[in-house]
1. What about residue 158, is it in contact with an Asp or Glu (Cβ under 9 Å, 6 or more places away or on another chain), open to solvent by 20 Å² or more (accessible area, probe 1.4 Å), within 23 Å of residue 255 (Cβ to Cβ) and touching a residue at least 24 places away in the same chain (Cβ under 8 Å)?
2. Mind checking which residues of segment 57-75 are open to solvent by less than 10 Å² (accessible area, probe 1.4 Å) and either acidic (Asp, Glu) or within 19 Å of the chain's Cα centre (by Cα) (or both)?
3. Just wondering, is there one or more residues in segment 200-220 that are crowded, with 16+ Cβ neighbours inside 10 Å, polar (S, T, N, Q) and either in contact (Cβ under 8 Å) with a residue 60 or more places away in the chain or out of contact with any Lys or Arg (no Cβ under 9 Å at 6 or more places or on another chain) (or both)?
4. Please go through (1) touching a Gly at 6+ places or on another chain (Cβ under 7 Å); (2) modelled with pLDDT of 85 or more; (3) surrounded by 21 or more Cβ atoms within 10 Å (Cβ to Cβ); (4) within 30 Å of residue 202 (Cβ to Cβ) for residue 115 and return the number of the only condition it doesn't satisfy.
5. Can residue 298 be described as farther than 22 Å from residue 268 by Cα and open to solvent by less than 20 Å² (accessible area, probe 1.4 Å)?
6. Testing residue 238 on (1) in contact with a Pro (Cβ under 7 Å, 6 or more places away or on another chain); (2) open to solvent by less than 10 Å² (accessible area, probe 1.4 Å); (3) over 20 Å from residue 137 (Cβ atoms), one condition comes back false. Which one is that?
7. How many residues, within segment 71-84, are farther than 20 Å from residue 317 by Cβ and assigned to a strand (DSSP E or B)?
Amino acid sequence: MAGQLAAYGYKITDNSDEADLWLLNSCTVKNPAEDHFRNSIKKAQEGKKKVVLAGCVPQAQPRQEYLKGLSIIGVQQIDRVVEVVEETIKGHSVRLLGQKKDNGKRLGGARLDLPKIRKNPLIEIISINTGCLNACTYCKTKHARGDLASYPIEELVDRAKQSFQEGVCEIWLTSEDTGAYGRDIGTDLPTLLWKLVEVIPEGAMLRLGMTNPPYILEHLEEMAKILNHPRVYAFLHIPVQSASDSVLMDMKREYCVADFKQVVDFLKEKVPGITIATDIICGFPGETDEDFQETMKLVELYRFPSLFINQFYPRPGTPAAKMPQVPAAVKKQRTKDLSQLFHSYNPYDHKVGERQRVLVTEESFDSNYYVAHNPFYEQVLVPKDPLLMGKMVEVNIYEAGKHFMKGQPVSDARVHTASISRPLAKGEVSGLTEEFRRSAQNGTKWKAQPNAEIPVKTRLSSWMALQLPWQQEGGGLKILSVSLALLAVLLMLYYGGMKTEL
């Protein structure tokens, strides 16, 4: 959304107080995220700011009292953010919540070639499908995202090509469930991945997103081959949520613990060194002490290097919210016990002394190192040498921590530059086609429709400002990754009489 606004002359700022309009994106996975969203709306209103809301919270429950009178842009309508912002500036309340369809078939979402601003110019995040095929009893995202809708392979490959032409050296594939990709359009994930591998330049890497066990089971052989490819990280995020079959049944996860173990055991055998990340929910309704102990045994067995531990929060409107709840103190204790188990082992100690190939893509949070990842997507901290950024280099591992290793570049090793061209500058807009550039320069705004693009003449605002994602740190607002629960985009506006058709 930021890229579209910037493409029409909207300027980016990091000062929320100066902004006249806040564009707030949201996540409905957990209660704290929604509470944060609600508090942000209240803060904006108290500051007399105009507000546009986006994301899963308003999409799933647009009639919530605290959303009354506010403009909302649906999860499939983000390509129309400019129109919604302009109408909101004029004092109108606009709500675009419909689904996009082509001949009655639900489409994947907004176009992939929309202008965007990458948080990291070296990393491109591509959503390969929206929605999912499951009906988990604790999940509210389904209410907003709906059923599975996959993007065509050719569109995804084109987006990857364009990214590499803009200096990207790492692509992340994301969705609610990457393993289900293509089941609605007559294809599958391995077919997509083989097509993408063909266009990855030397020195660049591809990282797969989360996949649930049922769908990856069908493609284990092909997935093992793909994960062994030198330009694909040997990494897979497979949420298990619980090691109790009875709990999984209550969750409606559509697999049993044996299925999860089959996936993990097969991939560990066929893809040596692979990193398996997983998620666990502590204190799901009906979880007994015996159920929880099964989960503890699973973690002890596999010693996952990356484990996302979540204390269960009942989401209003979900079946799990109506089930008998585990006492809060019990949930808290189980979360603590599992966290202690996770922190009792160090997954990287045995790698000290190894020589590894790593791709350097970002700066560490403390700004003391650059962050790189080895072929298993394990984090390796390297010296802050600007010549290393965006490069694939070899390092000697000399130290290991719980979540990272430290490496010293090997002086005589070959350095690969993955980028086909110079990376975009920080904040530079990606994906500006000549057609889009002409329309912006001529004052013509493309009004995106499900099946057509209709140019609508309008006077574009001449100066606007916008702040990207933020988090609370030390009492201030800081830029943060889009992957977090709340995205706050703040627009400072100078506008005239704009006319927009919605």
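1. For residue 158, the condition - in contact with an Asp or Glu (Cβ under 9 Å, 6 or more places away or on another chain), open to solvent by 20 Å² or more (accessible area, probe 1.4 Å), within 23 Å of residue 255 (Cβ to Cβ) and touching a residue at least 24 places away in the same chain (Cβ under 8 Å) - is not met.
2. 57, 58, 73, 74
3. Yes: one or more hits.
4. Result: residue 115 passes all but (2).
5. In short, no.
6. Every listed condition holds for residue 238 apart from (3).
7. The total comes to 2.
Residues are listed down the side, and each one gets a yes or a no for (1) assigned to a helix (DSSP H, G or I); (2) polar (S, T, N, Q); (3) at pLDDT below 95; (4) surrounded by 17 or more Cβ atoms within 10 Å (Cβ to Cβ):
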| site | (1), (2), (3), (4) |
| --- | --- |
| 380 | no, no, no, yes |
| 387 | yes, no, yes, no |
| 396 | no, yes, no, no |
| 411 | no, yes, yes, no |
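The values are calculated or read from the model by the stated rules, or taken from the named source; none is laboratory data. Note that the structure is predicted; figures quoted are calculated from it, not measured. Here the Cβ is made from the backbone with ideal geometry for all residues, glycine too, and neighbour counts use every protein chain on show. For the accessible areas, the whole protein counts, side chains as well, though only heavy atoms, and no ligand, DNA or RNA atoms are used. Shrake-Rupley method; radii C 1.70, N 1.55, O 1.52, S 1.80 Å.
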